[in-house]
Amino acid sequence: MEGIVATGLIGVSLGAQYALLALGFTLIFGILGVVNFAHGGFYVLGGYLAYSAVTYLGVPYALAVIAAALGTTALGYLFERFVLDRLIDDHLATLMLTLGLYLMMSSGLLVLFGPQSPAFSFPLSGVLRAHGFYVPIENLVVLVVCLVGILSIYALIYHTDFGRALRALADDRAVATAQGLRPKLLFPTAFALATGLAGLTGALVTPILSLAPHVGDPVLATSFLIVILGGLGSIGGATVAAFIVGMVEAFSAVYLGGSKGALALFVLVLIMLVVRPSGLFGHRVRGA
Amino acid sequence: MTSGREQFSREVTRAESNSGEGLVMPPGDALGVVERRFDRREFVIGTANSGGMRLEVTGICKRFGGLHVFNDVSFSISPGEVLGVIGPNGAGKTTLINVICGMLPPTSGRVLLDGRDMTAKPLHVVSRAGIVRSFQQTNTFRTATVRENISRAVRFSNGGEGVWQAIAPLIDEFELAAHLDEQSDKLPYGLQKMLGLVLACAVRPKVLLLDEPAAGLERRERLRIDAFVRHAVTELGCGVLIVEHDMELVRRLCPKILVLDSGRVLAEGSPADVLSRKDVIDAYLGTMDEAEA
């Protein structure tokens, strides 16, 4: 029983991290129509920014996390505004641009920091014990920050004019623009928001998991998998699917063994694609 | 430059002399809408400040590389005026709307709204200024309810509660009132198209550009387009440009039409005059206009 609860908590904690990543990924896809292959890159960059701030500038970890989130937000804004936006409707071009950016990021980090993982650990350690099961405090902190992040995104998307504008652009860009919205301002802002979330997650999670130039690969794969499971562009779908994936990973790692987790997930996605190709919360287009 | 200006002023005077009583109102003025127009606008809050504006298009050209989509097209639409643009498929009608509304920059020529230069301004700037387009397809915010669709249109164009009151008659007319809480893409095709038109109206247009509003609608539903245009003209004081293939509808609504053929203006004038010209019939109507004979 304790084992199940403890594993469940790991699953929730993983799910919350994945949700922050997948929310950004699905926002970019839904609003800009771009598959952001650089999403994992922003995650790694967030990790390295926080690491550098702590190690070289002696900044407290909490401030380093904020700096990493702001840094990845700024880079995302500039990249969308000055590079991606010129070719925003060309799917192949945006694919190449985001993939290219990812390769530049990961090889740039490789050149700067070398292939080995730097010593970067979470400043808090310790274990919270209660009723026979225990949770590492670092996981708990990450969980709380991620949950606050998710709730903020929901508040922003569903309860502000900015969010309403983003949802309108996702629904129909031409109509929204014809009503006076400005894609030239909103697109880079939305992209920056999403990359900032990836950077924030990276800064929070890499000290617990691991930091190396290549750790963006599985992040991209997981984000992709979650967004397909939840329905491309769906915010609710990405959130639910992120927790499902977190749970499946946690339980299969504990009860089936590590490598079978990935197998279980991809089988799940395969079944989903056969049974319900639009994903859990995907939008079904009405036939004419 | 000088000759261009001369031509421009000629256009203006010609268009102004054309916009006499007979052309300003669609055939619907038999219903006495001219009288009502001024009465109603006194107390329709949202539209009180949004009378129409004059759209002038002078010598506009659009080329994609070596392909001339249209060449030297000029016309003007005064507040309350309805202009029909017809022509065979590929004549450049939709591109004309795309260029005027700012989705595409023209290769040359000018677009003026009450004398303000709108040429090559981006879509959101042009629509904020008052040139509002509708779309050929059913373009709505598909994941949102009808109510949310309308309130987005109102909000994005910085409108207030008054706009709801102003468009309420349209919502009733199109029987959208019963569907306010339905998701817009679950509506039948005809209603989705009407919602698209309501959204255009909710943006408080000064000039409306309608791209094939009747396409795909049943005969009975097409009369709603008449009601819509009449509302835009009488309640909002808009000028309206209609690109349409339905000749009956064009005859009913447009006192003046412009025929585009392979990117040039083939003819211009009243439907009766223009549609009886041999070159127009050859270019476009040919076999389909037997009813006219």
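The values are calculated or read from the model by the stated rules, or taken from the named source; none is laboratory data. These numbers were taken from a predicted model, which means no experiment stands behind them. In this analysis, Cβ positions are derived from the backbone assuming ideal geometry, glycine residues included, and neighbour counts consider all displayed protein chains.
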For the stretch B:237-251: of the residues being closer than 18 Å to B:VAL265 by Cα and modelled with pLDDT under 90, which is farthest from the chain's Cα centre (by Cα)?
B:MET247
Test set (1) part of a loop (DSSP other than H, G, I, E, B); (2) surrounded by 23 or more Cβ atoms within 10 Å (Cβ to Cβ) - A:LEU197 fails condition number
(1)
Answer yes if at least one residue in the stretch A:71-87 is under 17 Å from the mean Cα position of the chain (by Cα) and surrounded by fewer than 16 Cβ atoms within 10 Å (Cβ to Cβ), and no otherwise.
yes
Cβ-Cβ under 6 Å, sequence separation 6+ or interchain: first residue in the stretch B:155-174 and within 13 Å of chain A (Cβ to nearest Cβ), partner among the β-branched types (Val, Ile, Thr) and surrounded by 14 or more Cβ atoms within 10 Å (Cβ to Cβ). Which pairs?
B:SER157/B:VAL203; B:VAL163/B:VAL154
(1) within 14 Å of chain A (Cβ to nearest Cβ); (2) buried (at least 18 other Cβ atoms within 10 Å of the Cβ); (3) of a type in the set (A, V, I, L, M, F, W, C): which one isn't true of B:LEU55, the others all being true?
(1)
Look through the stretch B:135-148, keep the residues that are part of a helix (DSSP H, G or I) and more than 9 Å from chain A (Cβ to nearest Cβ), and return whichever of them is nearest to B:THR95 (Cα to Cα).
B:VAL146
So B:LYS121 fits all but one of (1) in contact with a Gly (Cβ under 6 Å, 6 or more places away or on another chain); (2) within 14 Å of chain A (Cβ to nearest Cβ); (3) buried (at least 23 other Cβ atoms within 10 Å of the Cβ); what number is the exception?
(3)
Quick check on A:VAL142: is it assigned to a helix (DSSP H, G or I), more than 30 Å from B:ARG147 (Cβ to Cβ) and touching a residue at least 12 places away in the same chain (Cβ under 8 Å)?
yes
Determine, yes or no, whether A:LEU263 is in a helix (DSSP H, G or I) and at pLDDT below 90.
yes
Out of A:ALA174, A:ALA165, sole residue that is within 30 Å of B:PRO205 (Cβ to Cβ), within 14 Å of another protein chain (Cβ to nearest Cβ), crowded, with 20+ Cβ neighbours inside 10 Å and not acidic (Asp, Glu):
A:ALA165
